[in-house]
Structure formats: C-alpha cells, structure tokens
Amino acid sequence: MTSPERFYLTAAIDYVNGSPHLGHAYEKIGCDMVRRHHRLRGRDTHLTVGSDEHSQSVERAAQQQGLDPEEFSRRQAEIFQQAFAALDVEYTAYVRTSSAANRRTTDRFMQAMYDGGHIYKGPYEAWFCPSCEQFYTEKQLVEGNCPVHGRPVEWVKEENYFFRLSSFQDALLEHFERHPGFLTPETRRNEMLNVIRGGLDDISISRGFSHWGFPLPFDDSQVVYVWFDALLSYVTGIGYPDSPDFARLWPADVHVIGKDITRFHTVMWPAMLLAAGLPLPRRVHAHGFVTLGGRKMSKSTGVRIDPFELVRRFGSDAVRYVLMAEVPFDRDGDVSMDTFVDRYNADLANDYGNLVSRTEKMVARYFEGRVPLAAPAEPIDAELGAVAAEVTDAHEAAMEALDLSGALVEARRLVARANKYIDETAPWTMSKNADPRLGTVLGNLLEAIRVSTLLLHPALPRATAAVATDLGVTLDGSAGAQLRTWPALTPGAPVGVGEILFPRLDRERDLEAG
C-alpha cells in the first residue's frame, strides 16, 4: 500500500555499452510521470536510476575504443544523464554500479549473505552469453545461440561462489500467493509463478575469468557477478545500510523494469533481500518493449531512434507525451514518425494547445484578462464540472495501476469535452449578443483547463508549467485538493496569454525530414 507521505520508485539501470535509444527514454519518462504524479499529491518522492557498468559487454566496448572500462563507463554515464536531462526526467539518485557507494553496499550486502550461510563455493560450467551476462543450459539455447540476443555463446568452466536460491523457493512462492499485486501485469506474474513452481537452482554469483568488477569481500580472487551489484543499486540510491533515507524509504513502492529482466527482479532479487533480512519491494512492474516497425529497439540490432534528435526537433514535452500515450506501460507498442506526427497534431496542437490558446485569448478580449465572475450555471455547465470530477477519479485510478496511457486518455476526455463545450456555447456569439452567461462559460473553460493542466503535468511538465503560470495555479503538493475543487480560480485574478504551446506540424515536411 502506498504511503501517504513518501513514494520511492526505481527504474532499471542501463547497460552503457552503447548510446541511449527510445526504449531507455520510454521507461525513464514513465517513471518520471509516476514520480511527478505522487509529488503533486504531497508525497516526498524519490527516483533512483543508474548505469550498469560491470558487464563483459561494457568491457569489450571499452576495448574497441581503446579505453579502460572505468573511463569508458564514466563517459557513457554522462551521455545517459544528458539524455535524461533533455527529456526532463528528474531523479534523486543516479547510481553508477562501479561507484564507491555501490562498492560499499556490495561489500556489506555480500558479506551479510555469506555470514548467514547463503553462499558456498563449487565448480561451475555452462554456456555464457556476454550480451545479457547470463548462463544457459543446452536446452535453453536456440540453434546454439543465446535465446535473447540470438548471438553465439561461450563455454565457461571454473570454480565459483553460489547463492542458495533453491532454499528460497517456498518463501518466494508464498510471497507471490499472499501478495497478488507484487508483480504486474498478470501475464508476467503467471510466468514467474511457473518458473518458481518448476524449481529453482542455485546460481553462480562470482566470476574468476573477469577482473572488471568488485572483488568478493570474502575472496578477492573473484569478482561479483554483474547482476548482483546491479540489483544492489536500488538500495545504494537511498543510502544502504545506515542512512536515515534508507530507513525511511525502503522498501521501494515499485521497481519499474523491462519484461526481459523480470526473473532477476522477482526471483533473484527478492531471494537476495530475504537472505539479507530486508523487506521486499511492494511491487515490481514489467513494461513491454518499444518497437520500431515491429522490431525491438536495441543497441545490438541497430534498431533505434535518437531521443536527442527527437527532442531537438519537437521538444521534450512532445516526446514524453507521444511515447507514453502511444505505448501502453504493460505491453509492447510500436512507434513511427507517422504516429508521432499524427498524435502530436491531434492531441497536443489541436486539442490541449488549441483549448488553452483560444480560451486565454477570449478572456483577454472579453474580460480584460481577468477570471470572470460566473453567473448561475445551466445544466451544460454542471455537466462539464461533472466530467472533470469523473476524469479526476479515473485518472487517479489509472496512475495507481501504472496505466499511464490510460491516465492520458482520461485527461484527453476532459480536454475534448471542454472543446466541445466551446462549440456548443459559442462564446463569440454570446459576446455579440451581450449574453450574461458569457462569464460563466469562460469561467468554466478556465476551470477545465486548470484541471486538465494538473492531470497532464506529469507528462507535459514544460507546457503545463507555462499554463499554470497563466492561471496563477501552483504545481505543488496541493494538487490533489485543487483537483477536487470546482471552481477554484479567484474571480478578478489575472489570466495570461501565453505563446502557442504546440505549433501544428506539417505532416509531409516533417515525415520527409524524419
């Protein structure tokens, strides 16, 4: 259950062996939307992101550029942080897994597990994929290749340390059954239940063939398996083990991850936490892949759209909104420049942007740029307020369910009703006829803009901040109360007329440039 006072979420940390692509952007924007939503409701929100650096793929990418892994990782981490900044993703911690802070966490955590008898040494041999840093059995290979990346695997044989994952099988199964919302969506939950019920094997947690990584605190001849120090970034980000923030913020309210790493986060990670005597995260949410023409975006395949280029051309708000509106947060979704331009024009330029622009201009023209004093309402006015109340409740439910595209559907429903209200009431005709209801109509339109702006703020932080300034609305922790107040604007208060929020795109020109 979400705390009324604080909210802690994490995003999957990113391999830095290549440049950021739209798949990275999608996940981080989604997390930022969730964080902003909870902050508007007065919660102390924290978001941890980071870079996954102790992998063989990173080491090899560094060698190809003639750099040592540490310098290569530092440069790549900066590029990822620049991408997140360009997308207006605000995080409270960026954890580099090779950092001193994560080294401290890893030493303490691994030692605790070792002292608790959860780690032992033994021989290991298996097929190893350097791209996903995972071992596979012969049966798991697809035509002799990694089942995830389709690339050749390598045979590895050595003495390793193992984590007694098998001993946590019953505890994990019990947790899944007692907490049906622990893993969402339901399809991923069913997959992991089948994995656990099928039996868990102990897993190798160290490597002797690599020197790029943290030495084990109890045997410096081997380094920690990359997935172990990667998962520990979630507690490093809030100061494990002795920071007041860790005591206050753990367990995480939600880990947001890609569906391809669900097993690590809902089988291995919970077992690690149980072994260390720590509570489990309240929820893990596995989103799908962003595809381009039906193909998954990734560094290895070269299927990608440069998020920097999209932001440069269309602005961060447009990139944030179109991605989250177009791709549901619980399944795969396809994007293209066609859908990008069409969604931008329909939802942002024609609907929200147009609603704000023409309402602000009418208030400036007919009421000297002041919030009009509303006259007694007609049924059509009351209906607009009722739609706002319905949308607010439905939007809240969608955000709590991490149905981010569904939440945007609800916000658009209010915007659409407000635009229809303009057509039905025709304020320009009211002005010509000196209709006393003109103030009521424009007052209600300003209220609809106020509510839709608060609902859209997590997706459109820049545009909605400008509109909030025009209306004198604060984007702080009082938003929850503001949303359920109608009317809330003060009669006679100034209303600004801002710049065009989303200039309409020329479809043919922009698609040719895409």
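Every number here is computed from the coordinates shown, using simple stated rules; none is lab data. This structure is a prediction, so every number in the text was calculated from the model and none was measured. For neighbour counting, all protein chains shown are included, and Cβ atoms are generated from backbone atoms with ideal geometry for every residue, glycine included.
Table for the structure above
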| quantity | calculated |
| --- | --- |
| Rg and Dmax [Cα atoms of the range 252-402; Å; Rg one decimal, Dmax integer] | 22.0, 68 |
| The chain: calculated mean residue ellipticity at 222 nm from DSSP helix runs of at least 4, using -39500 (n - 2.57) | -14000 deg cm²/dmol |
| FRET efficiency, 1/(1 + (r/R0)^6) with R0 41 Å, evaluated for Arg507 and Ala126 via beta carbons | 0.20 |
| Scattering profile of the range 109-225 at q = 0.14, 0.15, 0.17 Å⁻¹ [log10 I(q)/I(0), Debye over alpha-carbon scatterers] | -0.75, -0.85, -1.03 |
| Sequence of Cys31, Cys129, Cys146 once ranked by neighbouring C-beta atoms within 10 Å, starting from the fewest | Cys146, Cys129, Cys31 |
| Under-5 Å amide H pairs with Arg6, H placed in peptide plane, nonlocal only | Asp44 |
| Low-density loop cleavage sites - GluC sites (Glu not before Pro) in the range 353-403, where at most 16 other Cβ are within 10 Å (DSSP) | Glu368 |
| Length released on extending from Arg313 to Asp332, taking residue separation times 0.36 nm less the Cα-Cα span | 4.3 nm |
| Segment Ala481-Ala401, length gained on full extension (0.36 nm per residue, minus Cα span) | 26.7 nm |
| Amide H contacts of Gln134 (H built 1.01 Å from N, under 5 Å, at least 5 apart or other chain) | Cys129 |
| Global form of the range 1-129, assessed from the alpha-carbon gyration tensor, a/c cut-off 1.5 | oblate |
| Phi to ³J(HN,Hα) by Karplus 6.51 cos²θ - 1.76 cosθ + 1.60 over the range 309-323, Hz, x for Gly, Pro | 5, 4, 5, 4, 7, 10, x, 5, 4, 5, 5, 4, 5, 4, 4 |
| From the coordinates shown, Kirkwood radius over Cα pairs in Å corresponds to which of (1) 26.3; (2) 23.5; (3) 24.9 | (3) |
| Cβ charges +1 (Lys, Arg) and -1 (Asp, Glu), total dipole of the range 337-513, debye | 540 debye |
| Rounded, prolate or oblate (a/c below 1.5 giving rounded, otherwise prolate when a/b exceeds b/c) for the range 46-189 by Cα gyration tensor | rounded |
| Using θ = phi - 60° and Karplus 6.51 cos²θ - 1.76 cosθ + 1.60, couplings along the range 498-506 (whole Hz; Gly, Pro as x) | x, 5, 4, 6, 9, x, 4, 8, 7 |
| Dipole magnitude of the range 109-177, debye to nearest 20 (Cβ charges: Lys/Arg +1, Asp/Glu -1, about Cα centre) | 140 debye |
| Cross-link pairs beyond the 27 Å C-alpha cut-off, checked among Lys121/Lys259; Lys28/Lys361; Lys139/Lys259 | Lys121/Lys259; Lys28/Lys361 |
| Farthest positive-ward along the chain dipole, Cα basis, beta-carbon charges - from Val142, Leu373, Ala416 | Leu373 |
| J(HN,Hα) series, the range 410-422, from Karplus relation 6.51 cos²θ - 1.76 cosθ + 1.60, nearest Hz, glycine and proline x | 5, 4, 5, 4, 5, 4, 5, 5, 5, 5, 5, 4, 4 |
| Efficiency of FRET between Ile500 and Gln65 - r from beta-carbon atoms, R0 41 angstrom, step 0.05 | 0.40 |
| Cα-based equivalent ellipsoid, the range 337-513: semi-axes from gyration tensor eigenvalues, Å | 26, 20, 15 |
| Proportion of all alpha-carbon pairs of the range 73-142 beyond 19 Å (%) | 64 percent |
| Asp201 paired with Lys139, simple spin-label distance in nm, labels 7 Å along Cα-to-beta-carbon | 0.9 nm |
| Amide H contacts under 5 Å for Gly237, placed H, 5+ residues apart | none |
| Chain lengthening between Lys420 and Asp44 when straightened (0.36 nm per residue, less Cα-Cα) | 131.6 nm |
| Percent RCO, i.e. relative contact order, over the chain, from Cα pairs under 8 Å lying at least 6 residues apart | 17 percent |
